[in-house]
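This report refers to the structure that appears directly beneath it.
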Amino acid sequence: MRRRDVILALIGIAVVWQALSKTLNLPILPPPLAVLQAFFKGLENGDLLQHALASLWRVVAGTALSIALAAPAGLVLGQSQQLNRFFSPLIYLTYPIPKVVLVPIVLLFFGIGDLPKIILIFMILFFQILVLVRDQAANIRPELIQSVRSLGAGRRALFRFVYLPASLPAILTALRQSVGTAVAVLYVAELFATQRGLGYYIYYSGSTLFDYPAMYAGILALSLMGVSLYFGVDWLERRWCPWLYAN
Amino acid sequence: MIRLEALTYAYSNHAPIFEAFDWQAQRGEAWVVLGPSGCGKTTLLYLLAGLRQPTAGRVIVDGQPLTRPRPHTGLILQDYGLLPWATVRQNVELGLRVRLFYGPDGKHAPEDFRPDVDILPWMERLGLTAVQDQYPGQISGGQRQRAAIARTLALQPDLLLMDEPFSSLDAPTREGLQNLTLELWSEKKLTLVVVTHAIEEAAILGQKILLLGLPPNRQATIIDNPGAAQADFRDTADYLSLCRELRGRMESNA
Ligand SMILES: Nc1ncnc2c1ncn2[C@@H]1O[C@H](COP(=O)(O)OP(=O)(O)OP(=O)(O)O)[C@@H](O)[C@H]1O
Ligand SMILES: [Mg+2]
């Protein structure tokens, strides 16, 4: 995929949008230029910006927390068949549950602050990272471990030179697969019981203020966040895992 | 250099593979361990490398009972020994980086380890300079084994253990690497222990051949092969008759 094609696609969307909004001429479909104006105004006066930062913080914190807990747990499970046999039925059952159905429960238990949102994102990413890192660690050949041990590596060096680089692609793949879901669930969670975050901003601008350009600006901001997280992970993978891209 | 004293080894909940097994190898000798699949060759090599501990008895290397991998022992396995995510050059440097990681603690790295070891001569000697920035998945099997050899020899071992190092290579590449192994063995005055199930390889590389049979192995069967390691041994009548003898013995063992 080339940069030029992406830009062309963007222009295409804008043209169709413009045409639709001209023909329909409804307040609920403002033209793209008006939305862009509202977007930059919102960034400047901080109105949109503070909500975007609140959402971004929840995503980043939830992601960091899930990596910090799921990656080591996945490494342990991947290395111990016994532990894995014990836990895998549990993972098997909980992994496919669409975590968005847990939103009301998490909100009931953890209230209205940042915490329930971070926990929701954590729950989505945790299992994904856990499973992928576990499978990756289980696939490390024992011969590889033994030959690195024969070079003098103990536990710490094995972690540094084998387990860490081996689990990195699994973590990044997990993030790429689920960061979109995480943002979507965050949006749903922010519709209730909060006054900060893009979910709230979108809902409030649309249904209370009837400020549709602002609502669209919020949607744009949330989409940008999802897209840049996705491409950010892609970029990190190219930087940190160059061997995956060597033909 | 190596002494097995009444070595017994069994994987947990399995019948023993070695039982009160005695064996010795002198410094500078070139040994081949030969035997059918499942006889315990790899197990023996892991015991010699300090990667597994005997169930009973002792493994003594250079006068010291082994309890962990010894910094001056090098180990090369058939496949999968290179880090797939590191370039050839980074793989060759790996042993040195592990040593730098711990510092000269006498445990993971020798006490006299000096961090200024240069891997470049090894890269050149083994013809790896042209592929130094490639990943193991991008180079040939022969080049991968060369990289494994460079990585191990850069640590200046005195004992080199190899587990079926060339069995996945085509014949010309294999012969080339067998010759290179013998060259390095005599040049660096290594003690060499090569594990193989290939009779021809045993005859070429082993001045002495330790023959293992179906477990449990209780007694060391040793065959002397003074002609090994000489130029053109492959073309002599001695070589052929040794191969015939080894084949006969392996069949009667099985
Ligand atoms: N980790 C293990 N746990 C239990 N049994 C094992 C383990 N590793 C090997 N064995 C068994 O021990 C025996 C000896 O295995 P080993 O790998 O030493 O044989 P080998 O001579 O190297 O065979 P090959 O020529 O096929 O490599 C075999 O019966 C094998 O199944
Ligand atoms: Mg073996």
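The values are calculated or read from the model by the stated rules, or taken from the named source; none is laboratory data. Please read all numbers here as calculations on a predicted model, not as lab measurements. Every residue, glycine as well, gets a Cβ built from its backbone with ideal geometry; the counts of neighbours run over all protein chains shown. Accessible surface is based on the protein model in full, side chains and every heavy atom, while ligands, DNA and RNA are left aside. Shrake-Rupley method; radii C 1.70, N 1.55, O 1.52, S 1.80 Å.
Taking strands (runs of 3 or more DSSP E) that fall entirely within the stretch B:159-254, which contain at least 3 residues that are farther than 20 Å from B:L77 by Cα?
By residue number, B:221-224.
List the pairs whose first member sits in the stretch B:59-72 and is more than 10 Å from every other protein chain (Cβ to nearest Cβ) and farther than 19 Å from B:Y102 by Cβ, whose second member is in a strand (DSSP E or B) and open to solvent by 60 Å² or more (accessible area, probe 1.4 Å), and whose Cβ atoms are under 6 Å apart, counting only residues at least 6 apart or on separate chains?
Partner pairs satisfying both residue conditions: B:I60/B:R3; B:P65/B:R58.
Any chance you could count how many residues in the stretch A:87-103 are without any contact (Cβ under 8 Å) to a residue 40 or more places away in the chain and assigned to a helix (DSSP H, G or I)?
Initial filter on the stretch A:87-103 (without any contact (Cβ under 8 Å) to a residue 40 or more places away in the chain): A:87-90, A:92-98, A:101-102.
The next check asks that each one be assigned to a helix (DSSP H, G or I); those that pass are A:87-90, A:92-94, A:101-102.
Count: 9.
Give A:L151, A:L224, A:L175 a once-over and let me know the one that is out of contact with any His (no Cβ under 6 Å at 6 or more places or on another chain), of a type in the set (A, V, I, L, M) and within 14 Å of chain B (Cβ to nearest Cβ).
Step by step, each of A:L151, A:L224, A:L175 is checked, and only A:L151 is out of contact with any His (no Cβ under 6 Å at 6 or more places or on another chain), of a type in the set (A, V, I, L, M) and within 14 Å of chain B (Cβ to nearest Cβ).
Does the stretch B:44-78 hold any residues that are within 16 Å of ligand 2 (Cβ to nearest atom) and touching a Lys or Arg at 6+ places or on another chain (Cβ under 7 Å), and which are they?
B:Y46, B:L51, listed by residue number.
Hey, among B:R174, B:R144, which residue is in the same structural domain as B:W122 (by TED's automatic domain parsing) and under 19 Å from the mean Cα position of the chain (by Cα)?
Working: B:R174 fails: in the same structural domain as B:W122 (by TED's automatic domain parsing).
Going through B:R174, B:R144 in turn, just one is in the same structural domain as B:W122 (by TED's automatic domain parsing) and under 19 Å from the mean Cα position of the chain (by Cα): B:R144.
Can you find, within the stretch B:11-26, the residue that is farthest from ligand 1 (Cβ to nearest atom) among those that are open to solvent by 30 Å² or more (accessible area, probe 1.4 Å) and not small (G, A, S)?
The qualifying residue farthest from ligand 1 (Cβ to nearest atom) is B:Q26.
Looking at (1) within 11 Å of another protein chain (Cβ to nearest Cβ); (2) not in a loop (DSSP other than H, G, I, E, B); (3) not basic (K, R), find the lone condition where B:Y80 falls short.
B:Y80 satisfies all of (1) within 11 Å of another protein chain (Cβ to nearest Cβ); (2) not in a loop (DSSP other than H, G, I, E, B); (3) not basic (K, R) except (2).
Identify, please: which residue in the stretch B:103-140 is within 11 Å of chain A (Cβ to nearest Cβ) and touching a helix residue (DSSP H, G or I) at 6+ places or on another chain (Cβ under 7 Å) and is, among those, most open to solvent (accessible area, probe 1.4 Å)?
The selected residue is B:D133.
What pairs come up if the first residue lies in the stretch B:179-207 and is within 14 Å of chain A (Cβ to nearest Cβ), the second is within 16 Å of ligand 2 (Cβ to nearest atom) and open to solvent by 10 Å² or more (accessible area, probe 1.4 Å), and their beta carbons are under 8 Å apart, counting only those six or more places apart or on different chains?
B:V195/B:K41; B:V195/B:T42; B:V195/B:D163; B:V195/B:E164
If you scan the stretch B:152-178, which residues turn out to be within 16 Å of ligand 1 (Cβ to nearest atom) and open to solvent by 30 Å² or more (accessible area, probe 1.4 Å)?
B:S167, B:S168
How many of the residues making up the stretch A:154-167 are at the interface with chain B (Cβ under 8 Å from one of its Cβ atoms) and in contact with a helix residue (DSSP H, G or I) (Cβ under 8 Å, 6 or more places away or on another chain)?
Counting residues in the stretch A:154-167 that are at the interface with chain B (Cβ under 8 Å from one of its Cβ atoms) and in contact with a helix residue (DSSP H, G or I) (Cβ under 8 Å, 6 or more places away or on another chain) gives 7.
Within the stretch A:100-112, identify whether any single residue is open to solvent by 20 Å² or more (accessible area, probe 1.4 Å), touching a helix residue (DSSP H, G or I) at 6+ places or on another chain (Cβ under 8 Å) and within 14 Å of chain B (Cβ to nearest Cβ), and answer yes or no.
The answer is no, given that none of the residues of the stretch A:100-112 is open to solvent by 20 Å² or more (accessible area, probe 1.4 Å), touching a helix residue (DSSP H, G or I) at 6+ places or on another chain (Cβ under 8 Å) and within 14 Å of chain B (Cβ to nearest Cβ).
For the stretch A:227-247, how many residues are of a type outside the set (S, T, N, Q), open to solvent by 40 Å² or more (accessible area, probe 1.4 Å) and within 14 Å of another protein chain (Cβ to nearest Cβ)?
Taking the stretch A:227-247 first, the residues of a type outside the set (S, T, N, Q) are A:227, A:229-246.
Filter once more, so that each one left must be open to solvent by 40 Å² or more (accessible area, probe 1.4 Å): A:227, A:229-231, A:235-236, A:238-240, A:242-245.
Restricting the remaining residues to those that are within 14 Å of another protein chain (Cβ to nearest Cβ) gives A:238-240, A:242-245.
The qualifying residues number 7.
Please determine whether any residue of the stretch B:27-42 is within 29 Å of A:Q136 (Cα to Cα), open to solvent by 20 Å² or more (accessible area, probe 1.4 Å), assigned to a helix (DSSP H, G or I) and within 16 Å of ligand 2 (Cβ to nearest atom).
Yes; the residues of the stretch B:27-42 include at least one that is within 29 Å of A:Q136 (Cα to Cα), open to solvent by 20 Å² or more (accessible area, probe 1.4 Å), assigned to a helix (DSSP H, G or I) and within 16 Å of ligand 2 (Cβ to nearest atom).
Give the stretch A:113-146 a look and list any residue that's surrounded by 22 or more Cβ atoms within 10 Å (Cβ to Cβ) and of a type in the set (G, A, S), or say none.
A:A137
What number of residues within the stretch B:43-57 satisfy the criterion of being of a type in the set (G, A, S) and part of a helix (DSSP H, G or I)?
Residues meeting the conditions: 0.
Criterion first (open to solvent by 10 Å² or more (accessible area, probe 1.4 Å) and more than 16 Å from ligand 1 (Cβ to nearest atom)) does B:D238 satisfy it?
Taking the combined requirement at face value, the residue satisfies it.
Which count do you get for residues in the stretch B:12-26 that are within 16 Å of ligand 2 (Cβ to nearest atom) and touching a residue at least 60 places away in the same chain (Cβ under 8 Å)? Reasoning before the result, please.
Pass one, the stretch B:12-26, residues within 16 Å of ligand 2 (Cβ to nearest atom): B:14, B:17-18.
The next check asks that each one be touching a residue at least 60 places away in the same chain (Cβ under 8 Å); those that pass are B:17-18.
Number satisfying all stated conditions: 2.
Just name the residue that is farthest from the other protein chains (Cβ to nearest Cβ) out of those in the stretch B:36-55 that are within 10 Å of ligand 1 (Cβ to nearest atom) and over 15 Å from the mean Cα position of the chain (by Cα).
Residues of the stretch B:36-55 within 10 Å of ligand 1 (Cβ to nearest atom): B:36-47, B:52.
Now narrow it down to the ones that are over 15 Å from the mean Cα position of the chain (by Cα): B:36-39, B:52.
Values: B:P36: 20, B:S37: 16, B:G38: 17, B:C39: 19, B:R52: 9 Å.
Result: B:P36.
Within the set of pairs 6 or more residues apart or between chains, which connect a residue that is modelled with pLDDT under 95 inside the stretch A:223-243 to a residue that is loosely packed, with under 12 Cβ neighbours inside 10 Å with Cβ atoms less than 7 Å apart?
Close Cβ pairs (under 7 Å, with a partner that is loosely packed, with under 12 Cβ neighbours inside 10 Å) amount to A:R238/A:Y245.
Give the number of residues within the stretch A:27-45 that are touching a helix residue (DSSP H, G or I) at 6+ places or on another chain (Cβ under 9 Å) and loosely packed, with under 14 Cβ neighbours inside 10 Å.
4
For the stretch B:79-102, which residues satisfy the criterion of being on the phi < 0 side of the Ramachandran plot, open to solvent by 30 Å² or more (accessible area, probe 1.4 Å) and touching a helix residue (DSSP H, G or I) at 6+ places or on another chain (Cβ under 9 Å)?
Hits for the stretch B:79-102 are B:D79, B:P84, B:W85, B:R89, B:Q90, B:E93, B:R97, B:F101, B:Y102.
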